[in-house]
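> Just passing along the structure, written as structure tokens.
The values are calculated or read from the model by the stated rules, or taken from the named source; none is laboratory data. This one's a predicted model, so the numbers in the text were calculated from it and none came from an experiment. All Cβ positions, even for glycine, are placed from backbone atoms using ideal geometry, and neighbour counts span all protein chains on display.
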Amino acid sequence: MGKIDPSVHPDFVRFYSDGRQLYLRKEVYEALQMMIQDARKDGISLFVVSAFRSFNDQKNIWESKWQRFALSHPEPKNRCLWILRYSSAPGTSRHHWGTDVDLVSVDPAFFQTSRGKKILSWLEKNASRYGFERPYTSLIERKKGYQEEPWHWSYAPLAKGYLALYTNSIQNEDITDFAGSEVLKEIDLWEYVLGINPLLLP
């Protein structure tokens, strides 16, 4: 649930990308570096804009949006559903595991540009060779869960196991201690946790 300190955890490695200090599990980082290097040979520039996120990191993202959308979505359940289009509730994010990365940009419009399309095309053709799959493909394919995220890639060899552990140990009532958390009891969060690319299901 993101309640670990990656700076002292033996399975994590610190690195810098896009001017930020980030953390990933070592195996994920090594596979990612291989992918970045090979992409560069093909003229594709990949870099990480987000990696491991703690519970508090995700809480800050969530509560910022909770405040931002207070006027446009005053009804709490509707506000939660609006935020859940692109942001996980704290305690449910795949970024808590240290297996997932956001690459290049988290703006959907970027991936409609010629550069964005070129990057996504390369990733769709090659990322699986390094163990990476995209959790949030088109909703036409998945039917439920978060909106499509072209930037979000998950290291399947580890992430599938962490998802299995998560689903066997976490209940809805464990998702608490942030603004709006009491309202989430009215929402099936498993539609978001499990509404992913089938290649990433255990």
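> In the stretch 40-58, which residue that is part of a loop (DSSP other than H, G, I, E, B) and under 18 Å from the mean Cα position of the chain (by Cα) is surrounded by the fewest Cβ atoms within 10 Å (Cβ to Cβ)?
Phe47
> Taking only pairs six or more apart or across chains, which ones have beta-carbon atoms under 6 Å, a first residue in the stretch 90-114 that is within 17 Å of Leu158 (Cβ to Cβ) and among the hydrophobic types (A, V, I, L, M, F, W, C), and a second residue that is outside any loop (DSSP other than H, G, I, E, B) and modelled with pLDDT of 95 or more?
The qualifying pairs are Trp97/Tyr162; Val101/Val48; Val101/Trp153.
> Does Pro150 fit the bill of being crowded, with 21+ Cβ neighbours inside 10 Å, in contact with a strand residue (DSSP E or B) (Cβ under 7 Å, 6 or more places away or on another chain) and closer than 17 Å to Val48 by Cα?
Working: crowded, with 21+ Cβ neighbours inside 10 Å: yes; in contact with a strand residue (DSSP E or B) (Cβ under 7 Å, 6 or more places away or on another chain): no; closer than 17 Å to Val48 by Cα: yes.
So Pro150 does not fit the description; no.
> Looking at Arg129, Arg79, Arg85, which is the one that is at pLDDT 95 or above, over 17 Å from the mean Cα position of the chain (by Cα) and loosely packed, with under 15 Cβ neighbours inside 10 Å?
Of Arg129, Arg79, Arg85, the one residue that is at pLDDT 95 or above, over 17 Å from the mean Cα position of the chain (by Cα) and loosely packed, with under 15 Cβ neighbours inside 10 Å is Arg129.
> Condition first: closer than 23 Å to Gly161 by Cβ and touching a Ser or Thr at 6+ places or on another chain (Cβ under 9 Å). Now tell me which residues in the stretch 28-45 satisfy that.
Val28
> Let me ask something else about it. Just to verify a result, which residue in the stretch 16-39, among those that are among the aliphatic types (A, V, I, L, M) and more than 13 Å from Gly98 (Cβ to Cβ), is surrounded by the most Cβ atoms within 10 Å (Cβ to Cβ)?
Applying the filter and picking the extreme gives Met35.
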